[in-house]
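Step one of this worksheet: look at the structure below.
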Amino acid sequence: MNRWSSYVADLVAGLGALRTEGRGPILAAVAVGWFLSIGLRLVYPALLPELRRAYDLDLTTAGLLLSVLWVAYAVGQLPGGVLADRIGEGRILWISTAISTGTIALVATAGSVSVLFGATALFGLGTALYGVARYTALSGIYPENDGAAVGVTLAAGEVGNVILPPFAGLLAATFAWQLGFGFAVPLFVLVSVSLWIVLPARTSAPTSAVDSLSFETARYVLSSVGRPTIVLVTAVQVLGFSVWQAYTGFYPTYLIEVKGLSYPAATTLFGLFFALGIVVQPVSGAAYDRFGLPRTAAVVLGIAALGLAALPVVSTLPAVVLATAFSSALLGLTVMTMPYLTAALPDDMQGTGLGFLRTVYMLIGAASPTVAGAIADRGFFDEVFFLLAGLVAVAIALSTLVPRG
């Protein structure tokens with residue numbers, strides 16, 4: 001009992017330390033930016049049934065639209081990391097939200113499939129700049145509590161995923177699907193202004209290994225990211241991200257077309273998945289800080305695998321809710337892998353190295369919605385979730401080989 005009391009006390013103390021030394025407003029601004037950045041990307045799955053009707057898309061093409069979004073997001077990771085190292089994390093976070101403001105407006109006004117795909121790609125590139133810089137910014141601001149700080153920021157993203165997709169679905173069902181994207185334009189403007197005011201232009205060391213692009217620079221970066229431990233953790237993240245992409249991309253559509261749920265019920269359960277992440281991610285981050293990646297990942301991913309495998313075989317609404325709750329444990333993985341990788345990289349190329357790794361795992365993972373959609377189009381929608389559970393099992397096996405760090 002004393003052991004658990006001590007653990008809870010340490011967890012509470014770690015989360016409380018995030019507000020000290022005037023750092024609270026910075027964390028809040030970064031977290032709200034992530035709230036919008038990830039929340040709007042997760043509006044796509046919620047509006048996928050509406051988009052399919054509006055543009056007469058089959059499941060494969062719908063999956064391709066999601067893949068385009070995430071491929072663009074992946075491609076932007078490395079440039080985002082390089083720019084964060086060269087001109088500062090604060091500037092990049094502001095630029096990202098400014099670009100997102102314009103591109104989400106373009107998505108909302110798309111009048112054809114080609115424009116929808118092109119605008120989606122631009123939005124993915126704009127939000128990509130936010131991805132790496134928020135990790136390196138928080139690692140610089142919270143060197144002793146980066147797991148907890150990242151956990152809080154990711155939890156804010158889950159709040160966005162809870163609120164924004166159902167709200168966008170309500171706007172789409174009541175008025176028009178375009179409003180499901182367009183409502184975010186003024187919100188992005190407000191976040192851009194906030195980041196400009198409270199966030200320092202640079203939070204990391206002023207020296208950078210990527211001040212010039214050369215063969216020596218590339219060799220240094222590749223040698224750093226090619227270390228066995230980094231490759232192993234990246235492999236775990238590749239599997240986890242691939243599962244997350246396919247699951248979130250088609251979960252509302254699966255509930256509607258296979259489980260027979262209504263559109264409001266499906267989007268509500270989609271929100272529940274992310275609502276539980278609000279708890280899962282800070283707790284997973286704090287557990288990672290205390291126990292390390294191997295032990296924490298095995299437990300977290302084990303719970304997720306049970307939920308994924310159960311979803312196709314359950315039929316009652318309470319059972320679907322329970323399977324969704326177990327599956328939400330998947331949201332705790334990134335809280336562990338990203339701080340681990342950030343800490344493992346040299347200080348003078350953290351942004352570039354993390355950007356490279358994020359590009360790798362996101363490019364691979366971005367294919368999963370298209371693959372899942374193609375499998376579902378052939379009448380094997382249930383089997384998609386069994387496949388995802390199997391990939392999580394492989395990730396568990398790999399995570400046990402990771403040094404504690």
query: Any idea which residue in the range 168-191 is farthest from the chain's Cα centre (by Cα), counting only those that are closer than 18 Å to GLY33 by Cβ and among the aromatic types (Phe, Trp, Tyr)?
result: PHE183
message: If I filter the range 370-377 for residues that are within 19 Å of the chain's Cα centre (by Cα), part of a helix (DSSP H, G or I) and either on the phi < 0 side of the Ramachandran plot or buried (at least 18 other Cβ atoms within 10 Å of the Cβ) (or both), do I get at least one hit?
response: yes
query: Mind checking whether some residue in the range 220-230 is modelled with pLDDT of 85 or more and buried (at least 22 other Cβ atoms within 10 Å of the Cβ)?
result: no
message: Quick check on this structure: which one of GLY124, GLY90, GLY76, GLY63 is closer than 25 Å to PHE273 by Cβ, in contact with a Leu (Cβ under 6 Å, 6 or more places away or on another chain) and not hydrophobic (A, V, I, L, M, F, W, C)?
response: GLY124
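The values are calculated or read from the model by the stated rules, or taken from the named source; none is laboratory data. Source: prediction; values computed, not measured. Don't worry about glycine lacking a Cβ; one is built from the backbone with ideal geometry, like all the others, and counts go over all protein chains shown.
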